[in-house]
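Asker: Sharing a structure below in structure tokens format, with a few things to ask.
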Amino acid sequence: MGRKGRRLSLTGFVAIVALAGFGWGGDQAPYYRGVPEECCTSEEARRSVQDGFRETIPFNIGSGGVVLFAVGVHVEPHLEYFDPIRYELDRARLLRLAEQVERHGGRLVIQLQRPFTEVALRGGDTLLADLAQRGHELALHFHEDFHLPQAHARPISDWVAALRREMDLIEAVSGRRPTTWSGGNLYPQMFQAALAVGLQTNINYKDPRSQAIPTAFLVVSPWRPASSASVDTRAAHDPVGKIVYVPSGLWPAHCPGAEGVPKPYTYRALDYLTVALRNSLSAADPDKVNTFILTVHPGDFLAPADDEAEFAVWEAWLGQVLDPLVRAGRVRWATVAEMVEAYCAWEAGLP
């Protein structure tokens, strides 16, 4: 449904998008063969002895669509954050990653929850407020199994209260109230609860039980899900829906933890990232908004003694793979909030 030469009645439009997923695709056959060799497990990354990148991305790949690119950081609900040593270790990693991304022109999308936010608030840590001031987006990463025991047996009022508690903590420690979230993927009333607390943008859909991501979500263009009642209604586009789903791009659906960067961060691990970005650029439509989000965790670094080597690999990838694409105009840094802003502007230009 590009802007050129297509006009439909609203009735016909809704019928088509409900059946065809807004024409966004979801067919991985042109990009992946579904073989194990296309995946990279943490064990493979750990064993790798590569001393450089093997995968590249030509500037002229695909039809010329621009991809909005984000680095998402999941801060998990680790009880170890109550240990000052562990908290300071991952705090330092988060800050260093933010500084590294800033040097290359980008900003992080930091998805937060307790106990990290709680420890930060208790200790008067200004890190998250400082990062928000520098343009990094602060979002919510909601592990309902941690925040809501027996979550699926709880009424929606309990979900609203739990979401509000996490959002209040993020706002208290950063001065910013999040509008983007990940989590609650299997809860059929998730969108109603999200809207009740002011959340507007959903990312990172996966089944938390299997870590699998349906192909309908491994695409490059955002949409407005019809509801959160099921996978099918989440994947169907409703032109008047109030939630925007921003997909992470064309990662291989057959791979475990598909849209996360394998750990430890080695040249082999980031080659996997390069392939996903290359396929996303290949699928990018110049008449649509195209998005790509990679996911890392502060705790994914192998051990403090290996941090220097792993940050060096990230620096090499940003400089050798990403920077040239940014200079060529094929990739543009964006937070998820900026992706949604671009999508809404694109929507406004539709017939």
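Asker: In region 201-260, how many residues are crowded, with 19+ Cβ neighbours inside 10 Å, more than 18 Å from CYS39 (Cβ to Cβ) and of a type in the set (Val, Ile, Thr)?
Answerer: Residues in region 201-260 being crowded, with 19+ Cβ neighbours inside 10 Å, more than 18 Å from CYS39 (Cβ to Cβ) and of a type in the set (Val, Ile, Thr): 7 in total.
Asker: Can you name the residue in region 135-173 that is in a helix (DSSP H, G or I) and among the acidic types (Asp, Glu) and is also surrounded by the most Cβ atoms within 10 Å (Cβ to Cβ) among such residues? Steps first, answer last, please.
Answerer: Taking region 135-173 and keeping what is in a helix (DSSP H, G or I), we get 144-147, 151-153, 156-173.
Imposing the further condition that a residue be among the acidic types (Asp, Glu) reduces the set to 144-145, 158, 166, 168, 171.
Numbers: GLU144: 21, ASP145: 12, ASP158: 15, GLU166: 24, ASP168: 13, GLU171: 15.
The extreme case among them is GLU166.
Asker: Does region 182-193 contain any residue that is of a type outside the set (D, E, K, R), assigned to a loop (DSSP other than H, G, I, E, B), under 25 Å from GLU118 (Cα atoms) and under 15 Å from the mean Cα position of the chain (by Cα)?
Answerer: yes
Asker: For region 222-257, enumerate the residues that are basic (Lys, Arg) and over 17 Å from the mean Cα position of the chain (by Cα). Can you show your working first?
Answerer: Here is the first cut: in region 222-257, the ones basic (Lys, Arg) are 224, 234, 242.
Once the filter is applied, which keeps residues that are basic (Lys, Arg) and over 17 Å from the mean Cα position of the chain (by Cα), region 222-257 yields only LYS242.
Asker: Still on this model: Test of understanding: among PRO84, PRO58, PRO77, which residue is over 15 Å from LEU322 (Cα atoms) and surrounded by fewer than 14 Cβ atoms within 10 Å (Cβ to Cβ)?
Answerer: Working: PRO58 fails: over 15 Å from LEU322 (Cα atoms); PRO77 fails: surrounded by fewer than 14 Cβ atoms within 10 Å (Cβ to Cβ).
Within the list PRO84, PRO58, PRO77, the selection yields PRO84.
Asker: Check VAL66 against each of (1) under 26 Å from TYR205 (Cα atoms); (2) in contact with an Asp or Glu (Cβ under 6 Å, 6 or more places away or on another chain) and name the one condition it does not meet.
Answerer: Condition not satisfied by VAL66: (2).
Asker: List every residue pair whose Cβ atoms lie under 6 Å apart, where the two residues are 6 or more positions apart in sequence or sit on different chains, the first residue falls within region 102-122 and is touching a residue at least 12 places away in the same chain (Cβ under 8 Å), and the second residue, located anywhere, is β-branched (Val, Ile, Thr) and assigned to a strand (DSSP E or B).
Answerer: LEU108/VAL71; LEU108/VAL73; ILE110/VAL73
Here's the yes/no breakdown for (1) modelled with pLDDT of 95 or more; (2) among the aliphatic types (A, V, I, L, M); (3) in contact with a Ser or Thr (Cβ under 8 Å, 6 or more places away or on another chain); (4) under 26 Å from GLY62 (Cβ atoms):
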site: GLN211; (1), (2), (3), (4): no, no, no, no
site: ARG234; (1), (2), (3), (4): yes, no, yes, no
site: TYR267; (1), (2), (3), (4): yes, no, yes, yes
site: THR291; (1), (2), (3), (4): yes, no, yes, yes
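Asker: Based on this model, can you work out whether GLU43 counts as exposed (fewer than 15 other Cβ atoms within 10 Å of the Cβ), modelled with pLDDT of 95 or more, out of contact with any Leu (no Cβ under 8 Å at 6 or more places or on another chain) and part of a helix (DSSP H, G or I)? First the steps, then the outcome.
Answerer: Numbers: exposed (fewer than 15 other Cβ atoms within 10 Å of the Cβ): yes; modelled with pLDDT of 95 or more: no; out of contact with any Leu (no Cβ under 8 Å at 6 or more places or on another chain): yes; part of a helix (DSSP H, G or I): yes.
Criteria not met by GLU43.
Asker: Within the set of pairs 6+ apart or on separate chains, which have a first residue in region 328-345 that is of a type outside the set (Val, Ile, Thr), a second that is modelled with pLDDT under 95 and crowded, with 22+ Cβ neighbours inside 10 Å, and C-beta atoms under 7 Å apart?
Answerer: Pairs found: none.
Asker: Step by step: first the residues of region 314-338, then only those that are among the β-branched types (Val, Ile, Thr) and out of contact with any Ser or Thr (no Cβ under 6 Å at 6 or more places or on another chain), then the one that is farthest from LEU138 (Cα to Cα). Which residue is that? Walk me through it before giving the result.
Answerer: Residues of region 314-338 among the β-branched types (Val, Ile, Thr): 321, 326, 331, 335-336.
With the extra rule that they be out of contact with any Ser or Thr (no Cβ under 6 Å at 6 or more places or on another chain), the set shrinks to 326, 331, 335.
Details: VAL326: 23, VAL331: 22, THR335: 10 Å.
Among those that are among the β-branched types (Val, Ile, Thr) and out of contact with any Ser or Thr (no Cβ under 6 Å at 6 or more places or on another chain), it is VAL326.
Asker: Any residue in region 204-213 that is within 30 Å of PRO286 (Cα to Cα) and either hydroxyl-bearing (Ser, Thr, Tyr) or in contact with a strand residue (DSSP E or B) (Cβ under 8 Å, 6 or more places away or on another chain) (or both)?
Answerer: yes
Asker: Output the residues belonging to region 121-134 that are surrounded by fewer than 21 Cβ atoms within 10 Å (Cβ to Cβ), farther than 22 Å from LEU79 by Cβ and either of a type in the set (A, V, I, L, M, F, W, C) or under 24 Å from the mean Cα position of the chain (by Cα) (or both).
Answerer: So in region 121-134, the residues surrounded by fewer than 21 Cβ atoms within 10 Å (Cβ to Cβ) come out as 121-127, 129-130, 132-134.
Applying the additional criterion that residues be farther than 22 Å from LEU79 by Cβ yields 126, 129-130, 132-134.
Within region 121-134, ALA129, ASP130, ALA132, GLN133, ARG134 qualify.
Asker: For region 174-185: of the residues being surrounded by 15 or more Cβ atoms within 10 Å (Cβ to Cβ) and out of contact with any strand residue (DSSP E or B) (no Cβ under 7 Å at 6 or more places or on another chain), which is farthest from PHE292 (Cα to Cα)? Steps first, please.
Answerer: So in region 174-185, the residues surrounded by 15 or more Cβ atoms within 10 Å (Cβ to Cβ) come out as 174, 176-185.
Of the ones still in play, those that are also out of contact with any strand residue (DSSP E or B) (no Cβ under 7 Å at 6 or more places or on another chain) are 177, 185.
Working: ARG177: 23, ASN185: 20 Å.
Result: ARG177.
Asker: Can you name the residue in region 21-39 that is surrounded by fewer than 15 Cβ atoms within 10 Å (Cβ to Cβ) and assigned to a loop (DSSP other than H, G, I, E, B) and, of all such residues, is modelled with the lowest pLDDT?
Answerer: Quick first cut of region 21-39, residues surrounded by fewer than 15 Cβ atoms within 10 Å (Cβ to Cβ) only: 27, 29-30, 33-37.
With the extra rule that they be assigned to a loop (DSSP other than H, G, I, E, B), the set shrinks to 27, 29-30, 33-35.
Values: ASP27: 89, ALA29: 95, PRO30: 95, ARG33: 96, GLY34: 96, VAL35: 97.
So, considering only residues that are surrounded by fewer than 15 Cβ atoms within 10 Å (Cβ to Cβ) and assigned to a loop (DSSP other than H, G, I, E, B), the one modelled with the lowest pLDDT is ASP27.
Asker: Report, by residue number, each residue of region 206-252 that is among the acidic types (Asp, Glu), within 19 Å of GLY183 (Cβ to Cβ) and touching a residue at least 24 places away in the same chain (Cβ under 8 Å). Give the steps one after another, and end with the answer.
Answerer: Residues of region 206-252 among the acidic types (Asp, Glu): 207, 232, 238.
After this cut, where a residue has to be within 19 Å of GLY183 (Cβ to Cβ) as well, the list is 207.
If the condition is that a residue be among the acidic types (Asp, Glu), within 19 Å of GLY183 (Cβ to Cβ) and touching a residue at least 24 places away in the same chain (Cβ under 8 Å), then no residue fits.
Asker: When LEU127 is evaluated against the numbered criteria (1) among the hydrophobic types (A, V, I, L, M, F, W, C); (2) closer than 24 Å to GLU338 by Cα; (3) in contact (Cβ under 8 Å) with a residue 60 or more places away in the chain, which criterion, by number, is the only one it fails?
Answerer: All conditions are met except number (3).
The values are calculated or read from the model by the stated rules, or taken from the named source; none is laboratory data. Since this is a predicted model, take the numbers as computed values, not measurements. When we count neighbours, we look across all protein chains shown, and the Cβ atoms used for this are built from the backbone with ideal geometry, even at glycine.
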